[in-house]
Amino acid sequence: MVEVLDAREASVGSMLVQRALPRRRRRTVGAWCFVDQFGPATVDVDGGIDIGPHPHTGLQTVTYLTDGQVLHRDSLGSEQVIRPGQLNLMTAGNGVVHAEEPTGHYRGLLHGVQLWVAQPDATRAGAAAFEHHAELPQLELPAALVTVLVGEVAGTLSPARRDTDHVGAEVLLRAGTTVLPLEPSQEHALVVLDGVLVLDDRLAVPGQTVYLGIGRDEVVLATAEPTTRVLLLGGTPFEEPLLMWWNFVGRSREEVAEAQRQWAADDRSRFGAVATGLARVPAPAPPWTR
Ligand code: MN
């Protein structure tokens with residue numbers, strides 16, 4: 001029994017994105033609480049992603065590209081170009097600010113995902129951090145190449161920081177059938193990035209997500225195109241109460257409203273600043289305070 005969910009269109013800066021999570025019928029998969037797919041789009045040297053400085057709390061941002069380049073800057077002083085097959089992982093903890101920009105030299109195709117992972121109570125009030133992984137571990141299956149971004153797939157473990165037991169991996173499917181091993185204590189979903197995914201006689205195309213539920217020790221995948229690329233997401237269902245609003249993940253309206261006030265007041269003791277030419281993104285007042 002699988003469930004195919006459509007993404008909804010949203011804009012981030014000047015970029016149109018396909019938002020796979022959260023959806024009304026499915027808010028989270030494990031601790032994964034937000035999934036945006038951007039592109040494929042052709043960008044110029046100053047085009048593509050242009051998201052000015054904005055804050056986060058209580059989450060990790062996970063950035064992964066299949067095509068193109070993006071420049072990440074944050075209030076920790078990080079300045080990192082990301083390329084296909086690499087991982088940018090920023091942990092917000094109590095507060096961080098970042099910007100996502102064109103590199104100033106790359107032109108061509110841009111395609112990728114930016115996801116959020118909800119941090120557990122154990123770390124969500126902690127320090128901010130940033131990691132770049134230029135190389136990620138891969139696993140060859142008979143008709144698939146799996147790149148493990150976070151967590152573990154069939155014994156292949158990513159070095160990326162992980163505060164809950166979630167998994168994220170890119171699966172590149174070639175002609176044939178792939179039996180992808182899964183951890184049955186986790187729920188899983190597959191976000192289609194390219195091609196056409198075939199699963200239980202169902203088809204899923206880019207912009208669609210196949211929710212697989214919990215308790216599976218494998219899933220059988222095939223492709224209706226020469227190659228198909230999907231993102232595997234999974235984890236133990238996240239049981240802590242989540243309040244997501246704007247760029248904040250918290251536990252209560254009070255907590256989120258406090259973060260909004262501090263950002264609006266440019267309180268640098270909490271959020272710091274980013275060295276960039278892009279304009280700071282203003283936070284609207286939360287609807288329950290208006
Ligand atoms: Mn962000």
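Looking at V230, is it assigned to a strand (DSSP E or B), open to solvent by 10 Å² or more (accessible area, probe 1.4 Å), closer than 29 Å to V179 by Cα and in contact (Cβ under 8 Å) with a residue 24 or more places away in the chain? Answer is no for this residue. Taking every residue in segment 104-118 that is of a type in the set (F, W, Y) and pairing it with any residue that is modelled with pLDDT of 95 or more and in a loop (DSSP other than H, G, I, E, B), at least 6 positions away or on another chain, the pairs with Cβ-Cβ distances below 7 Å are Y106/G68; Y106/Q69. Which of the residues belonging to segment 107-140 are over 23 Å from V167 (Cα atoms) and open to solvent by less than 50 Å² (accessible area, probe 1.4 Å)? Of everything in segment 107-140, those that are over 23 Å from V167 (Cα atoms) and open to solvent by less than 50 Å² (accessible area, probe 1.4 Å) turn out to be G108, L110. Close Cβ contacts (under 7 Å, 6 or more residues apart or on different chains) running from residues in segment 49-67 that are more than 17 Å from Q262 (Cα to Cα) to residues that are of a type in the set (F, W, Y) and within 9 Å of the ligand (Cβ to nearest atom) comprise L59/W116; Q60/W116; T61/W116. Take the conditions touching a strand residue (DSSP E or B) at 6+ places or on another chain (Cβ under 7 Å) and part of a loop (DSSP other than H, G, I, E, B) and apply them to P159. Does it pass? For P159, the condition - touching a strand residue (DSSP E or B) at 6+ places or on another chain (Cβ under 7 Å) and part of a loop (DSSP other than H, G, I, E, B) - is met.
Here A31 meets the list (1) more than 12 Å from the ligand (Cβ to nearest atom); (2) free of Cβ contacts under 8 Å to residues at least 60 places away in the same chain; (3) over 18 Å from D194 (Cβ atoms) almost entirely, failing just condition (2).
Answer yes or no as to whether A264 is at pLDDT below 95 and either of a type in the set (F, W, Y) or open to solvent by 10 Å² or more (accessible area, probe 1.4 Å) (or both). When the stated conditions are applied, A264 does not pass them. Consider segment 198-227 and keep the residues that are without any contact (Cβ under 8 Å) to a residue 60 or more places away in the chain and at positive phi. The one that is farthest from the ligand (Cβ to nearest atom) is D201.
Test each condition in (1) more than 11 Å from the ligand (Cβ to nearest atom); (2) at pLDDT below 95; (3) crowded, with 23+ Cβ neighbours inside 10 Å for G47 and report the one that comes out false. The number of the failed condition is (3).
Take the conditions out of contact with any strand residue (DSSP E or B) (no Cβ under 8 Å at 6 or more places or on another chain), among the acidic types (D, E) and under 14 Å from G13 (Cα atoms) and apply them to D46. Does it pass? Break it down into steps so the answer makes sense when it comes.
Values: out of contact with any strand residue (DSSP E or B) (no Cβ under 8 Å at 6 or more places or on another chain): yes; among the acidic types (D, E): yes; under 14 Å from G13 (Cα atoms): yes.
Spelling it out, D46 is indeed out of contact with any strand residue (DSSP E or B) (no Cβ under 8 Å at 6 or more places or on another chain), among the acidic types (D, E) and under 14 Å from G13 (Cα atoms).
Where strands (runs of 3 or more DSSP E) fall entirely within segment 36-129, those with at least 3 residues that are within 20 Å of N247 (Cβ to Cβ) are at 51-56, 59-67, 70-74, 87-91, 96-101, 108-118.
Considering only segment 50-98, state which residues are away from the ligand (no atom under 12 Å from the Cβ) and within 15 Å of T123 (Cβ to Cβ). G58, L89, T91, G93, N94, G95 - these are the residues of segment 50-98 that are away from the ligand (no atom under 12 Å from the Cβ) and within 15 Å of T123 (Cβ to Cβ).
The values are calculated or read from the model by the stated rules, or taken from the named source; none is laboratory data. Keep in mind the model is a prediction, meaning the values are calculated, not measured. Because the Cβ atoms are built from the backbone with ideal geometry, glycine has one as well, and the counts that use them run over all protein chains shown. Side chains included, ligands, DNA and RNA excluded: accessible areas come from the protein's heavy atoms. Shrake-Rupley method; radii C 1.70, N 1.55, O 1.52, S 1.80 Å.
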